[in-house]
Each structure stands twice: as C-alpha cells, then as structure tokens.
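Note sheet for the following structure.
Bear in mind these aren't lab numbers, they're just calculated from the coordinates by the rules spelled out. Computed from a prediction, not measured in an experiment: that's the story for all the values here. Note that each Cβ is placed from the backbone with ideal geometry, even for glycine, and that neighbours are counted across all protein chains shown.
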Amino acid sequence: MPHSLEQALEEACTLITDTSTLVRVVLSGRRRNMQTEHERIDIRPVEIKGSILLQLTYSDGRATTTKNISAETTAILDLLSSGYANITVDSLDRSMSVRVTKSGDAQVHFEKKTLVQDLTHDKKKERLLDPSDPFLLAVGISDHKGQIKPSKNDKYKQVEEFLRLLVPTLNSAIEAGQIEKPSKEKPLSIVDLGCGHAYLTFAAHQYLRSIGMNVHVTGIDIRPESCDRNNAIAGSLGISQTITFKAEEIASTTAQQADIAIALHACDTATDDAIAWAVNGGAKLLLIAPCCHHDIQKQMEQSPEPWGALTKFGVMKERMGDLLTDALRAQILRIVGYRVEVIEFIGGEHTPRNIMIRAVKTGAQPDAIDIDRYREITSQWGIVPALSKKIPTFTIG
Ligand SMILES: C[S@@+](CC[C@H](N)C(=O)[O-])C[C@H]1O[C@@H](n2cnc3c(N)ncnc32)[C@H](O)[C@@H]1O
C-alpha cells in the first residue's frame, strides 16, 4: 500500500533507534534522480564498552568500511533520506521493508519473523578453510605451524572467496533442480580447468566433503609436473579415489563431462577453452575467474569513434579490452542458454584479476536484444572473440 515517504521513513527510524529489538538494517538501490554515496549500507547494533551503538558497513562493491554511530533520530533520518530506494529493517519479531517508487511514494510491507540479535563487535568473517587443515599444509599454503604463509595469503583469500560464491550458487542450483542432489552413487562432478598447483581444486574437494557432499573433483593442467605433484598430494592425503589430476590441454581434455566447471586465472584464451569445454559438455554451473586478456586486445586496431578518446591511452585500451572480452563471454553464455552474472569475487588488493563470470544453465532462449548487442559490439569494434569459435552451437556471426 502506498504511504507517504515521510511517514514510512519515520516509522523505519523508530524501529532502528529501538536498539533493544533491532537486528539489522539494509539500505540499497537508488531513488530516482538521486545519488547515494555508497552502493549499500548494512547496519546492526553492537555493544561497545557497555553502550549500544549502530555499526554501519558501507560497500562500494570492492571494499567495505565500517563506522560506529549512536542511534540518534536525526542521524538515522538523514541516512534514510539520503537516496536509497530499498530499506529493510529487521527487528526481533518482524521485518519492515520500504521501497521508494519512481513517483516518490513508499511501498511498505511488514512480515512477522522471529530473529535473534547479535551484539558482538568486530565480528570476524567465518573462515571456510581452517589454516591448519592438513591439505593446506600439503599444497603449500600453510606452514608447519598451521599458519598461512605470508606469500600465499592472497591465494588463500582468492580460494576462500571463490568457495564462498560456489557453495550458495551450488545449493540454489540443487534446490531449483538444475543440478541433481549428489549421492554416493552419483557424486557431484567438478572439473577445475587450468588448476596449476590445485589450491582451489583441493579446497573445493575438501570443503564440500566437510559439509557432507559427495563429490568427485578433477584438475586439468597442461603441465605434467603439476599433475604429478597434485596426484602425489592426493595420495598422501588418502583422497585419490575422489580427486584426480590429468596433464592435458583443456581444449582436448579426456575429462568426463562435469556438473560444475571452475577455473581460476586460466591464462588468456585457456579461459575460453574452459568455458567452451563446459558449455559443449552441458555443464550446469560455471564459475570462471579470468586471467590476462590478449585475444581481443590484439584485435582492437581501430576503435569505433568516439571510443578513440579512451583507447588512445594504452592503460585504458587494455582495460577496455578486458571489459569487452568478459562482456562478450557473458553475452555468448547468455545466448547459449545460461543465466549469467559478472561479479567481483574478491577485493582488488588480493588480485587485480578479480572478476568472476558465474553462469547457471537454464536452457532459456536468448532475448533478441542480447543477440543484437553481441552483433553490434563485435561489428563496431571489428572483433571476433576466441570463445565464439569454440562453441559449435553458437552460430551468431
Ligand atoms: C595462472 S595459473 C593458475 C593456476 C590455478 N588455477 C591457481 O589459481 O592457482 C594458470 C594455469 O593454467 C595452465 N594452463 C594454461 N593454458 C592451459 C591450457 N590450454 N590447458 C591446460 N592448462 C593450461 C597453466 O599451466 C597454469 O598452471
């Protein structure tokens, strides 16, 4: 039911300032013709030295920052009026959601809930992989004291964040019937393409097994020494039955088709080989974090105007090449029947290659606009993405 915005914000503010019942608040989206300073703000009450404050966590899609403020009406009303289109306030017994419409009214909805308040300050992100887990020692991420080696900290974080995205996506795909519930007889099959030292391969295997999932994981890498090393580690951990490695090129791998294809920084067009292998074999879920991009960059000889304003600077041309490459990969996946998201899977401080293409097979027919966009972009720039030549069912020229 439409409410006056003022009334809705005051009501939300009353709930937020009642810190005895407040559980959390999320401000997101942008009101028409308004700019917000942050993409999203999460708020929760925290107890610091005996006082209850509100902890604001700002996210701009890359980094997050936190700030603690007192629960004062004026400050909260200012925040609520600062341009966010969606406001959710969860209290112990109900949730209030406010959506600001294009015309500036408020759609308000209440739902009964039973929630629990957590006032702990400095909540650390729960680790998925215990640094002292023997597999982290075996692959060389942790030292003998069970601590992450400083030189491997970024890789450890990349692998953890990759898993943080893999697990909920996998669970939703199982719930939606897109992936069959894994069983002992029919374990979930995962192939890691361009696995290198197999940090992610082992982590996916160990973590999924630790949460009770039956899995079989295969790691593919062109380098025989990686394969030998990884198979030896699997043997030493006693898990060779459910994790195997092959020294093969992705494009011609003999690996059995998988439910899930993952790739973390497979070089240049090896990422295209990984996507193509997954699509051609009908993989249900793809999580691909691309690496360097040279294929499109080499083809960007003449930029369509007015993009010359950007490509005349080498650094911008390179970034434009990266964006075009991944945008076209996403577009191709959409056209061949995948629902696709392109997200940052980790902060840029841990790797500049922090984009992930996450695709779930739906089999949906593509929208005409997706085909038009693909054709327009490739013809304006005069480029032919490597991936387009690797998927026989992709017939858009
Ligand atoms: C940058 S490393 C990433 C390794 C690992 N995924 C990680 O994140 O630690 C890229 C790996 O891809 C492998 N690779 C590159 N091209 C390949 C291809 N065409 N087929 C199989 N492996 C390939 C390389 O040997 C290398 O180990």
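A few comments on the model shown:
- Rounded to the nearest Hz, the phi-derived 3J(HN,Hα) couplings of segment 256-272 under the Karplus curve 6.51 cos²θ - 1.76 cosθ + 1.60 (θ = phi - 60°) are 5, 4, 10, 6, 10, 10, 10, 8, 10, 6, 5, 4, 5, 7, 5, 4, 5, where x marks glycine and proline.
- Estimated distance in nm for a label pair at Glu39 and Ser132, the labels positioned 7 Å out from Cα along Cα-to-Cβ: 3.6 nm
- J(HN,Hα) series, segment 294-307, from Karplus relation 6.51 cos²θ - 1.76 cosθ + 1.60, nearest Hz, glycine and proline x: 10, 3, 6, 4, 5, 8, 7, 6, 10, 7, x, 6, x, 5
- For segment 261-393, relative contact order (Cα pairs under 8 Å, six or more residues apart, normalised by length) works out to 31 percent.
- Residues in segment 329-359 reached by a label modelled at Trp307 [backbone nitrogen below 17 Å; 7 Å Cα→Cβ]: 329-332
- Value of relative contact order over the chain, rounded to a whole percent, pairs C-alpha under 8 Å and six or more apart: 11 percent
- The stretch between Arg339 and His121, if pulled fully straight at 0.36 nm per residue, gains 74.7 nm over its current Cα-Cα span.
- Residue ranges 28-34, 77-83 sort as 77-83, 28-34 when ordered by packing (mean number of other C-beta atoms within 10 Å per residue, highest first).
- Here the dipole of segment 2-112 is about 380 debye; that uses its Cα centre as origin and unit charges on the Cβ of Lys and Arg (positive) and Asp and Glu (negative).
- For segment 63-135, a simple Cβ point-charge model (Lys and Arg +1, Asp and Glu -1, everything else neutral) yields a dipole of about 180 debye relative to the Cα centre.
- Cα-only radius of gyration and Dmax that characterise segment 2-112, units Å: 13.4, 44
- Long-range HN-HN contacts of Val23 with modeled amide H, under 5 Å: Asp90, Ser91, Leu92
- Entries in Lys186/Lys246; Lys125/Lys181; Lys49/Lys112; Lys125/Lys145; Lys102/Lys125 that, when Cα-Cα distance is taken, lie over 25 Å: Lys125/Lys181; Lys49/Lys112; Lys102/Lys125
- Our coupling estimate for segment 351-357, obtained by passing each phi through the Karplus curve with A = 6.51, B = -1.76, C = 1.60 and θ = phi - 60°, is 5, x, 8, 10, 9, 10, 9 Hz, Gly and Pro reported as x.
- Length-normalised contact order for segment 31-108 - Cα pairs under 8 Å, 6+ apart - percent: 23 percent
- Between Ile179 and Ile174, the built amide H atoms are under 5 Å apart, and every one of these is 5 or more places off in sequence or on another chain.
- Compactness of the chain as Cα Rg over 2.2 N^0.38 Å, two decimals: 1.12
- Reachable aspartates and glutamates from Lys67, criterion Cα separation under 15 angstrom, eight or more residues apart if same chain: Glu37, Asp42, Glu47, Asp122
- Here segment 134-389 is treated with +1 on each Lys and Arg Cβ and -1 on each Asp and Glu Cβ, and its dipole about the Cα centre works out to around 500 debye.
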